[in-house]
Amino acid sequence: MKKYMFTHRSFLLITIIITILLSMNTALAINIYLAPNGSDTFSGRTPQVKPDSKDGPVKTLTRARDIIRKLRQKGDTVGQFKVIVADGFYHLDRPLKLTPIDSGTTDLPVIYTAKKGSHPVFSGGQKITGMKATPKGIWKVYLPEVAKGKWYFEQLFVNNQRSVRAKTPNDGFYHIKDVKEDVITQGPGKIAEKTKISLTAYPKDFKSIANLTKKQTDDVMIKVYHKWDIDIKFISEIDTKSNTIVTIGGGMKPWNPWKAETRYRIENFRAALDSPGEWFLSRAGWLYYYPLPGQKIDKTEIIAPVTEKLIIFQGKPEKGKFVENIQIQNLTFKHEQILLPSKGFEAAQAAYPIDAAVMADGARNITIKNCEFAHIGRYAVWFRQGCKNNTLEHCYLHDLGAGGVRIGQGGISTNKNLLTGNNVIDNNIICSGSRIFDCAVGVWIGQSGDNQVTHNDINDFYYTGISVGWLWGYKKSLAENNTIDYNHIYNIGQNILSDMGGVYCLGPSEGTTVNNNVIHNVYSHSYGGWGLYLDEGSTHVTMENNLVYDTKSGGFHQHFGKENVIRNNIFAFNKLYQVQATRVEEHKSFIFENNIVLFDKGVLLDGPWEKIDITMDSNCYWNTTGKVKILDKDLAEWQKLNRDKHSIIADPGFENPKKLDFNLKPNSPALKIGFKPFDYHKAGVYGSEKWIKLAREK
């Protein structure tokens with residue numbers, strides 16, 4: 001009897017548990033549907049428009065968000081809300097703004113995702129139709145909203161590609177003949193608040209703008225390229241007698257001014273529309289486009305941006321209020337608007353003043369996964385203030401006006417809620433950036449620690465791949481314990497700017513690692529195209545198991561820093577120099593050991609290596625074209641300076657270095673002095689063959 005009662009009670013208990021679980025499962029499925037043919041007057045609770053057309057999916061992300069808010073207000077707060085987006089093209093007339101009331105929970109995050117198998121696109125742009133061909137082959141269309149002053153744009157995308165705003169010269173640069181700066185308002189700082197800069201052009205260069213009227217110069221921009229920065233300024237006036245171009249704006253930085261022979265371009269005037277792929281928009285409302293060979297009006301998609309920003313996570317971290325536990329998955333966002341302010345863009349390292357299309361403040365446990373962000377005017381994503389434990393994973397970021405991802409801020413707040421850290425940027429393709437702001441970078445970390453930037457493919461930028469830290473010197477920095485590992489970084493610089501690195505570290509960085517990366521094709525305009533670059537005050541950074549090859553100025557450079565470790569790396573076939581060091585300091589600058597340096601041109605070491613307080617040992621050096629000299633010394637002479645006691649000059653025995661096979665043969669002499677082989681093929685993205693192939697094609 002007791003046995004029967006126990007079994008019966010067990011059965012009842014199991015039945016109750018199943019009922020509860022079924023009930024919970026029902027509560028867990030609160031879906032809101034989006035479709036291109038939906039309506040924001042619908043409930044969004046059904047995936048298709050009903051036959052009577054009285055209900056169905058909604059049409060905008062903002063409406064879906066608002067429905068979730070209302071359901072919660074009614075008490076439906078137990079379930080997991082999921083916004084499911086059907087295939088199609090959606091016009092994003094405003095950014096999706098998510099605040100603390102839109103948060104999910106750790107167990108039940110709010111999810112915005114594509115319907116399985118779908119690839120919906122949200123566009124902040126407007127399609128341009130009605131183009132007509134002129135007798136000279138230029139296409140044009142009249143845009144009434146532009147003529148009325150209600151719309152203007154500075155980017156144009158044709159057949160899913162960024163087009164070139166009319167500029168001169170079409171290739172290369174002009175060079176400043178002379179420059180003069182007159183202070184209008186000094187202000188309290190070292191840099192004048194307002195100055196008049198008079199640029200004297202060479203006569204042949206000045207011809208391109210000599211016939212412009214005052215009205216025609218209003219929107220003409222001059223872009224000046226100097227060292228690691230650019231300026232973009234509107235032209236205030238031109239003087240045809242002296243070949244002078246005048247701009248009004250902030251003063252030049254004394255450490256990075258314009259000088260004679262500094263390069264520049266002039267953009268955005270009708271007469272510069274002289275090359276296929278260029279476009280020009282007049283304030284009178286006429287849009288002109290010079291088609292590429294083979295393009296036909298009826299088969300060409302032209303989109304101009306309208307909407308500024310795409311997604312905004314708007315917490316109030318200063319008040320301890322956060323946007324939490326939201327996931328954005330499998331969605332594509334394109335065509336984001338940016339307009340330069342009247343003062344233009346003042347020179348700023350890493351394009352620091354430029355924000356992002358996806359802005360996050362006070363964001364916690366946000367995941368952006370399997371998404372695409374393209375044709376952006378700014379940076380793509382910025383986890384700015386008070387952002388922790390967020391993830392950007394398996395996303396495709398490309399055609400970027402500035403850079404890819406930013407983490408943290410430049411300053412240190414006394415409010416702990418405003419500090420940013422513990423974010424993950426993993427397995428992303430971040431490419432074709434710096435398209436407006438040439439000095440932007442692939443990934444930027446400011447005053448922020450404990451972040452992971454891993455397994456990303458970062459390429460096609462005009463300045464730096466990854467920039468870590470934001471302090472010049474040895475004061476307190478929060479950029480500690482950052483992990484910059486297993487990234488593939490290449491095609492950086494492209495002879496546009498200078499003083500750059502595949503990975504660039506700045507200031508104290510206790511516990512930061514730069515390991516297992518593959519970096520190549522870093523080419524500066526003049527000086528400073530390095531693979532690994534430790535700049536002012538870099539401290540306690542470990543750089544290990546990196547493969548760096550084909551850079552202009554060297555595989556490694558330390559400007560000045562403290563107690564860094566450069567160990568077990570391969571530096572191969574760099575051009576001017578192989579490794580560099582600059583400043584002599586009283587403390588231990590770095591340890592350089594168990595590295596392989598292989599070269600066929602340039603010099604091995606550059607800088608005062610014999611004077612800097614460093615530890616050098618157990619390295620393998622080899623010149624494939626001749627004798628190895630270490631600062632004009634033989635190895636034995638060099639060793640008398642207490643350097644490289646156990647190092648060797650020997651062919652390291654790579655399988656086929658000329659074909660970039662840097663696997664060591666079993667009898668490699670480098671193995672005998674402690675070099676440990678590493679699998680450099682693990683750098684870069686991982687996952688499906690399609691994903692890896694996409695990265696390799698960029």
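The values are calculated or read from the model by the stated rules, or taken from the named source; none is laboratory data. In this text, all values refer to a predicted model and were calculated from it rather than measured experimentally. Positions of Cβ are generated from backbone atoms using ideal geometry, with glycine treated the same way; all protein chains shown enter the neighbour counts.
Taking the stretch 325-336 as the range and being surrounded by fewer than 23 Cβ atoms within 10 Å (Cβ to Cβ) and either closer than 18 Å to Gly433 by Cβ or not polar (S, T, N, Q) (or both) as the test, only Thr332 passes. Pairs linking a residue in the stretch 481-499 that is in the same structural domain as Ala350 (by TED's automatic domain parsing) to a residue that is modelled with pLDDT of 95 or more, with Cβ atoms under 6 Å and 6 or more positions apart or on different chains, do not occur.
Can Arg63 be described as farther than 30 Å from Val220 by Cβ and touching a helix residue (DSSP H, G or I) at 6+ places or on another chain (Cβ under 8 Å)? Judged against the criteria, Arg63 is not a match. Screening Gly88, Gly75 for residues that are farther than 19 Å from Thr307 by Cα and either buried (at least 19 other Cβ atoms within 10 Å of the Cβ) or not charged (D, E, K, R) (or both) leaves exactly one candidate, Gly75.
Residue by residue, here is whether (1) part of a loop (DSSP other than H, G, I, E, B); (2) touching an Asp or Glu at 6+ places or on another chain (Cβ under 6 Å); (3) hydrophobic (A, V, I, L, M, F, W, C) holds:
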| site | (1), (2), (3) |
| --- | --- |
| Ser342 | yes, no, no |
| Pro353 | yes, no, no |
| Thr367 | no, no, no |
| Ala380 | no, no, yes |
| Arg406 | no, no, no |
| Gly411 | yes, no, no |
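Of the residues in the stretch 658-669, at least one is within 30 Å of Asn623 (Cβ to Cβ), assigned to a helix (DSSP H, G or I) and in contact with a Pro (Cβ under 9 Å, 6 or more places away or on another chain). Within the stretch 671-698, residues that are on the phi > 0 side of the Ramachandran plot reach partners that are aromatic (Phe, Trp, Tyr) with beta carbons closer than 9 Å, at six or more positions or on different chains, in the pairs Gly684/Tyr486.
Every residue, every condition in (1) surrounded by 24 or more Cβ atoms within 10 Å (Cβ to Cβ); (2) among the charged types (D, E, K, R); (3) touching a Pro at 6+ places or on another chain (Cβ under 8 Å), yes or no:
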{"position": "Asp361", "(1), (2), (3)": "no, yes, yes"}
{"position": "Leu392", "(1), (2), (3)": "yes, no, no"}
{"position": "Leu400", "(1), (2), (3)": "yes, no, no"}
{"position": "Gly410", "(1), (2), (3)": "no, no, no"}
{"position": "Thr414", "(1), (2), (3)": "no, no, no"}
{"position": "Leu419", "(1), (2), (3)": "no, no, no"}
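Residue-level check: of (1) loosely packed, with under 15 Cβ neighbours inside 10 Å; (2) part of a loop (DSSP other than H, G, I, E, B), Ala636 misses just (2).
A single entry from Ile303, Ile338, Ile312 fulfils the requirement of being out of contact with any helix residue (DSSP H, G or I) (no Cβ under 6 Å at 6 or more places or on another chain), within 25 Å of Asp219 (Cβ to Cβ) and assigned to a strand (DSSP E or B): Ile303.
Can you find even one residue in the stretch 364-372 that is under 30 Å from Asn256 (Cα atoms) and modelled with pLDDT of 95 or more?
As a first pass, look at the stretch 364-372 and keep what is under 30 Å from Asn256 (Cα atoms): none.
Scanning the stretch 364-372, I find no residue that is under 30 Å from Asn256 (Cα atoms) and modelled with pLDDT of 95 or more, so the answer is no.
Specify which of the listed residues (Ser448, Ser477, Ser434) is closer than 26 Å to Arg583 by Cβ, in contact with a Phe, Trp or Tyr (Cβ under 9 Å, 6 or more places away or on another chain) and hydroxyl-bearing (Ser, Thr, Tyr). Walk me through how you get there before you give the answer.
On the way: Ser448 fails: closer than 26 Å to Arg583 by Cβ; Ser434 fails: closer than 26 Å to Arg583 by Cβ.
Of the residues listed, the single one that is closer than 26 Å to Arg583 by Cβ, in contact with a Phe, Trp or Tyr (Cβ under 9 Å, 6 or more places away or on another chain) and hydroxyl-bearing (Ser, Thr, Tyr) is Ser477.
Based on this model, can you work out whether Glu586 counts as in contact (Cβ under 8 Å) with a residue 60 or more places away in the chain and assigned to a loop (DSSP other than H, G, I, E, B)? No, not satisfied. Evaluation of Thr625 against the conditions (1) polar (S, T, N, Q); (2) assigned to a strand (DSSP E or B); (3) farther than 27 Å from Phe560 by Cβ shows that the sole unmet condition is (2). Restricting attention to the stretch 563-611, the residues that are within 17 Å of Leu506 (Cβ to Cβ) and either surrounded by 20 or more Cβ atoms within 10 Å (Cβ to Cβ) or not assigned by TED's automatic domain parsing to the domain that holds Glu536 (or both) add up to 6.
Rundown of residues vs (1) of a type outside the set (D, E, K, R); (2) within 24 Å of the chain's Cα centre (by Cα); (3) closer than 24 Å to Val522 by Cα, yes/no style:
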| site | (1), (2), (3) |
| --- | --- |
| Asp229 | no, yes, yes |
| Lys233 | no, yes, no |
| Lys241 | no, no, no |
| Asn256 | yes, yes, yes |
| Ala260 | yes, no, no |
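Taken as a whole, the structure places Arg63 among residues that are within 31 Å of the chain's Cα centre (by Cα), not hydroxyl-bearing (Ser, Thr, Tyr) and not in a strand (DSSP E or B).
Out of Ser275, Ser242, which single residue is under 25 Å from Val158 (Cβ atoms), modelled with pLDDT of 95 or more and either touching a Pro at 6+ places or on another chain (Cβ under 7 Å) or part of a loop (DSSP other than H, G, I, E, B) (or both)? Don't jump to the end; show me each part of the working.
Working: Ser242 fails: under 25 Å from Val158 (Cβ atoms).
Testing whether each residue is under 25 Å from Val158 (Cβ atoms), modelled with pLDDT of 95 or more and either touching a Pro at 6+ places or on another chain (Cβ under 7 Å) or part of a loop (DSSP other than H, G, I, E, B) (or both) leaves just Ser275.
Among the residues that make up the stretch 548-562, is at least one of them in contact with a Pro (Cβ under 9 Å, 6 or more places away or on another chain) and either in a loop (DSSP other than H, G, I, E, B) or surrounded by fewer than 23 Cβ atoms within 10 Å (Cβ to Cβ) (or both)? Checked against the condition, which is being in contact with a Pro (Cβ under 9 Å, 6 or more places away or on another chain) and either in a loop (DSSP other than H, G, I, E, B) or surrounded by fewer than 23 Cβ atoms within 10 Å (Cβ to Cβ) (or both), the stretch 548-562 yields at least one hit. Screening Asp617, Asp661, Asp679 for residues that are acidic (Asp, Glu), out of contact with any helix residue (DSSP H, G or I) (no Cβ under 6 Å at 6 or more places or on another chain), surrounded by fewer than 20 Cβ atoms within 10 Å (Cβ to Cβ) and under 21 Å from Gln580 (Cβ atoms) leaves exactly one candidate, Asp617. When you look at Lys693, is it surrounded by fewer than 13 Cβ atoms within 10 Å (Cβ to Cβ) and modelled with pLDDT of 95 or more, yes or no? The answer is yes for Lys693. Residues in the stretch 219-229 include none that are free of Cβ contacts under 8 Å to residues at least 24 places away in the same chain and either within 30 Å of His375 (Cβ to Cβ) or among the hydroxyl-bearing types (Ser, Thr, Tyr) (or both).
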